[in-house]
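Scroll down for the structure; my scribbles are underneath it.
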Protein chains: 2
Amino acid sequence: MKDIKPKLIGLFKEGYCTPQIARIAKRMKEPATTIHYNIKRMEEENVIRTYKAVFDYKKINEGFCTFVLINLSPDEYGNPEKIAKELAKYPQIESIDICTGDCEMILKVRAKDQEEYYNLIKNVISRRGVIKIKTLTSLKQIKTEFVETE
Amino acid sequence: MKDIKPKLIGLFKEGYCTPQIARIAKRMKEPATTIHYNIKRMEEENVIRTYKAVFDYKKINEGFCTFVLINLSPDEYGNPEKIAKELAKYPQIESIDICTGDCEMILKVRAKDQEEYYNLIKNVISRRGVIKIKTLTSLKQIKTEFVETE
DNA sequence: AGATAAATTGCATAATATTCAATTATTTAT
DNA sequence: ATAAATAATTGAATATTATGCAATTTATCT
C-alpha cells in the first residue's frame, strides 16, 4: 500500500486546488465564461494567492495548536523579517506576523502534541535574538482560516 | 458592469474550490484514479473540511489585521463557546480559539482599516461577559494559512 | 492458509474548464 | 459631446479533467 495521505496533505496545505467555475456560475446565475474571466483576472493581479485545503487538524496529527508571542532583543528590532522568514520554512507554523504591542512577533503553530511543540520551541523558535516566549495554548478551535469548525 | 469580485471573494473564503487531481497525479507519478480514490476517502472521513482560496488581504480591503486577546468574566467561564459561536458569524474574524494562559479567547481579525476594526470592537467583541480586550496589531504578515506571503 | 475487505488501476464516459470570436459596456482623449 | 480605445461579457466549440465501473492486486482477519 502506498502512503499517499501525507503527501496529499503536504500538497494541499499550500495549493494543488482550483476554483469550481461551473458551480459558482450556477450559484451566481452568471455564464461560466464570465466567472472564468473574472477569476483569471484576480489570479493575474495576485489578488488570489492560491487555492488550498482546510483540514480537521486533529485528524492529521496536528491537534496541538498554540499562539506564540515572541519578544526580540533590541538588536533584532531592525530586521525581524530575517528571523520570520527562517521560521516560515517550518510546516508546523501556520502563520507569522510582525507586531506592535506586547510582543514583536506572533506565531500560530500546529504540532502533533506537546512534545513535538516543545522540540519546536527548543530547536527552532528559541534562538539568538529571541529573548522571551509566551505560549497561549488553544483548548478548542471554533473557527480557523475563515472556516467554522464543528 | 457586474460587481462579481466581492461575491467571488465571499464564496472563496469558505469553499467553492476543488482538488486538481490530474496535476497531483502527474506530480506524484500515480494514476489519477488512485489519487481520486484517496482524496474522496479523506473527504468522507472529514479529514478535509473544505477547499478555499487564500488572498492578498491588502488587495481585498482587509489590510488591517489584529490578534485580539480576550478575558471573560468568571460567570462566562462555563461556556465560552456560546460567545465564540456568535462571533464566528462575522466574516472579518478569521479564527477563534478558546485558550489557556493570559486569556480565555484569542481572535484573528481582518478589517479594512483601523476604523472598521474599532467598530467591530465596539459593536461585536465588547459584550456582556467580556471584561478585558488586548489588541496586538500585525505590522507585516510573513505567512498566513500555511502560505508564505511574498 | 483461506476468506473477506480494502486499495489500486485502466478504460470509458460524463462533467468541466478553457479558447476563441463576437458583442456590449466603460473609459479616455480630442 | 463624440469618437477611439480598452475592458468586460457572452455563446459556441474544443480540450482537459474528474468520475464511475469492473478487474486486479494487496492487505487484514480468523
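A short reminder: the numbers here are calculations on the coordinates, not readings from a lab. Since this is a predicted model, take the numbers as computed values, not measurements. For neighbour counting, all protein chains shown are included, and Cβ atoms are generated from backbone atoms with ideal geometry for every residue, glycine included.
When only alpha carbons of chain A are considered, Rg and Dmax amount to 19.0, 56 Å. Among the listed pairs A:LYS29/B:LYS2; A:LYS59/B:LYS85; A:LYS13/A:LYS58; A:LYS82/B:LYS112; A:LYS5/B:LYS29, which have their C-alpha atoms separated by more than 18 angstrom in this model? Cα-Cα > 18 Å for A:LYS59/B:LYS85; A:LYS82/B:LYS112; rest within. Using Cβ point charges alone (K and R +1, D and E -1), the dipole size of the protein assembly as shown about the Cα centre works out to roughly 940 debye.
A viscosity of 0.890 mPa s and a temperature of 25 °C, combined with the Kirkwood radius over Cα pairs in Stokes-Einstein, give a translational diffusion coefficient for the stretch A:57-144 of 184 µm²/s. Amide H contacts of A:LEU139 (H built 1.01 Å from N, in plane; Pro and chain starts excluded): B:ILE98, B:CYS99, B:THR100 sit under 5 Å, all sequence-distant by 5 or more or on other chains. Taking Cα atoms only, the orientation of helix B:4-14 departs from the longest principal axis of chain B by about 90 degrees. Residues B:GLU145, B:GLU115 in ascending order of nearby Cβ atoms (within 10 Å, fewest first): B:GLU115, B:GLU145. A compact globular protein would have a Cα radius of gyration near 2.2 N^0.38 Å; the ratio found for the stretch A:102-150 is 1.35. What the phi angles of the stretch B:136-150 give under the Karplus curve with 6.51, -1.76 and 1.60, with θ = phi - 60°, is a coupling list of 10, 8, 7, 8, 7, 9, 9, 8, 8, 6, 6, 10, 5, 10, 6 Hz, glycine and proline written as x. The C-alpha radius of gyration of the protein assembly as shown, expressed as a fraction of 2.2 N^0.38 Å, stands at 1.02. Per-residue shielding of A:89-95, expressed as the average number of other chain Cβ atoms within 10 Å of the residue Cβ, stands at 4.
The mean count of C-beta atoms from other chains within 10 Å of the C-beta of residues in A:112-123, rounded to a whole number, is 0. Of the residues B:VAL47, B:VAL124, the one with the fewest other Cβ atoms within 10 Å heads the list, and the complete ranking is B:VAL124, B:VAL47. Taking every alpha-carbon pair in the stretch B:4-44 and binning the separations at 10 Å intervals from zero gives 27, 36, 26, 12 percent. Remark: relative contact order (chain B) = 24 percent; criterion is Cα-Cα distance under 8 angstrom and separation of 6 or more residues. Across peptide B:96-107, the mean count of Cβ atoms from other chains lying within 10 Å of each residue's own Cβ comes to 6. Ordering A:GLY129, A:GLN114, B:PRO31 by the projection of their Cα atoms onto the charge dipole of the protein assembly as shown, which places +1 on the Cβ of Lys and Arg and -1 on the Cβ of Asp and Glu, puts B:PRO31 at the extreme positive end. Between the C-alpha center of the stretch B:40-104 and that of the stretch A:45-104 there is a gap of 16 Å. Each of the peptides A:51-57, B:21-27 was scored by the mean count of other Cβ atoms within 10 Å over its residues; in descending order, highest first, they stand as A:51-57, B:21-27. Taking the fewest neighbouring Cβ atoms within 10 Å as the starting point, the ordered list for B:ARG110, A:ARG41 is A:ARG41, B:ARG110.
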